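The values are calculated or read from the model by the stated rules, or taken from the named source; none is laboratory data. Just so it is clear, the model here is predicted, and its values are computed rather than measured. Cβ sites come from the backbone with ideal geometry, for glycine too, and all protein chains shown count toward neighbours. What goes into the accessible areas is simple: the full protein's heavy atoms, side chains included, and nothing from ligands, DNA or RNA. Shrake-Rupley method; radii C 1.70, N 1.55, O 1.52, S 1.80 Å.
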Amino acid sequence: MRVDHQAEGIHLPDIDLWLDAREPVGANWISHAHSDHARGVHRCTYGTPPTLALYRMRVDVPEDARLCALAYGDSVLHGEAKLTAMPAAHIVGAAQLLVEWRGERLVYTGDIKLQRPLCGVETRPVPCDQLIIESTFGLPVYRFLSCEQARERMVAFARECLADGATPAFLGYPLGRGQEVVYALRQAGVPVQVHGAIARYLPVYEEQGWQMGGWEPYEAKAGKGRALVVVPGMRAYLEASGRNVRVAYVSGWAALSNARTRAGAEFLIPYSDHAGFDELLALVRATGAREVDVVHGYTEAFARILRAEGIAARGITHATRQAQD
Ligand SMILES: [Zn+2]
């Protein structure tokens with residue numbers, strides 16, 4: 001089926017459906033609730049129940065807006081097309097969309113990871129003819145720890161700092177990474193204080209079964225003996241506070257050799273809620289897709305690698321996107 005990449009987002013004109021539209025449109029699928037994907041108010045919006053709940057928290061959606069919830073594995077008819085939501089493991093509620101129309105199968109991954117997440121539903125590649133996939137980390141330099149390895153490093157770092165009388169501070173984006181770090185630390189019994197921008201989304205994770213139990217809200221003056229899970233913008237403030245703070249950076253960008261300088265962090269944990277290079281390649285191969293549109297990140301470089309495998313791949317640049325890894 002035809003795929004148009006436009007300034008407003010990705011459009012499937014044969015069935016008049018938009019994918020992660022950035023401007024108000026007619027019918028739109030939201031792959032997940034990061035702000036570069038869940039934007040605008042549309043005539044009809046499809047998404048998983050957690051994604052729609054987060055979308056309502058982040059976007060001023062009118063009460064009478066038409067929202068159509070699709071749980072993982074659920075299907076709905078959109079005109080002649082059948083739409084099915086499948087897990088994408090990126091953040092809570094993140095989903096791939098399978099579009100079946102006149103015997104053709106197209107999959108839009110949204111942001112996706114193939115390795116098991118710390119808290120989330122594991123991805124399965126969905127067989128299809130056409131694939132639209134992200135490539136945030138579509139170069140061979142990006143290879144990430146498994147969730148077990150990442151958990152071990154986070155917990156070890158936190159315990160070591162606390163034993164030394166220092167305060168471990170983990171930097172995480174407000175939605176996704178922050179909640180995963182809280183979950184990993186709390187599962188290991190590490191006491192944590194959580195910044196409000198991250199804490200506000202913890203209930204959405206808990207509703208999906210990822211119990212965060214026993215965390216405390218971040219307080220500027222009372223973090224002793226606690227690990228802090230805070231947004232990246234807090235780093236300079238914490239360092240200037242005079243406290244004995246040691247900063248860990250948990251991110252896909254931590255795989256880069258200059259990450260320590262870039263992030264200003266003492267301890268790097270290359271773990272991401274996106275697929276690393278090997279996962280992206282494995283994912284494309286497992287779908288069996290012969291036509292692939294690569295969006296977001298290293299689009300042309302990754303498309304070239306796919307073309308070398310005999311896949312008709314094109315790299316698409318959407319100028320305004322910014323990664324929330
Ligand atoms: Zn995302």
What single numbered condition from (1) open to solvent by less than 50 Å² (accessible area, probe 1.4 Å); (2) more than 22 Å from TYR55 (Cα to Cα) fails to hold for GLY233? (1)
Can you name every one of the strands (runs of 3 or more DSSP E) wholly within the stretch 11-73 that holds 1 or more residues which are within 15 Å of the ligand (Cβ to nearest atom) and within 21 Å of the chain's Cα centre (by Cα)? 17-19, 27-29, 44-47
Which of (1) open to solvent by 60 Å² or more (accessible area, probe 1.4 Å); (2) at pLDDT below 90; (3) over 27 Å from MET154 (Cα atoms) does HIS318 not meet, given it meets every other one? (1)
For the stretch 256-282, how many residues are open to solvent by 30 Å² or more (accessible area, probe 1.4 Å), modelled with pLDDT under 85 and not hydroxyl-bearing (Ser, Thr, Tyr)? 5
Scope the stretch 241-257; condition of a type in the set (Gly, Ala, Ser) and in contact with a Pro (Cβ under 9 Å, 6 or more places away or on another chain); matching residues: ALA248, SER251, GLY252, ALA254, ALA255
On the basis of being over 20 Å from TRP253 (Cβ atoms) and either within 16 Å of the ligand (Cβ to nearest atom) or open to solvent by 10 Å² or more (accessible area, probe 1.4 Å) (or both), does GLU219 make the cut? yes
(1) at pLDDT 85 or above; (2) within 16 Å of the ligand (Cβ to nearest atom); (3) open to solvent by 30 Å² or more (accessible area, probe 1.4 Å); (4) outside the structural domain of GLY176 (by TED's automatic domain parsing) all hold for GLU300 apart from (2)
Does the stretch 95-114 contain any residue that is on the phi < 0 side of the Ramachandran plot, among the basic types (Lys, Arg) and at pLDDT 95 or above? yes
ASP111, sole failed condition from (1) among the charged types (D, E, K, R); (2) open to solvent by 10 Å² or more (accessible area, probe 1.4 Å); (3) touching a residue at least 12 places away in the same chain (Cβ under 8 Å): (2)
Have a look at TYR142, TYR173, TYR183 and point out the one that is in a loop (DSSP other than H, G, I, E, B) and under 27 Å from VAL204 (Cβ atoms). TYR173
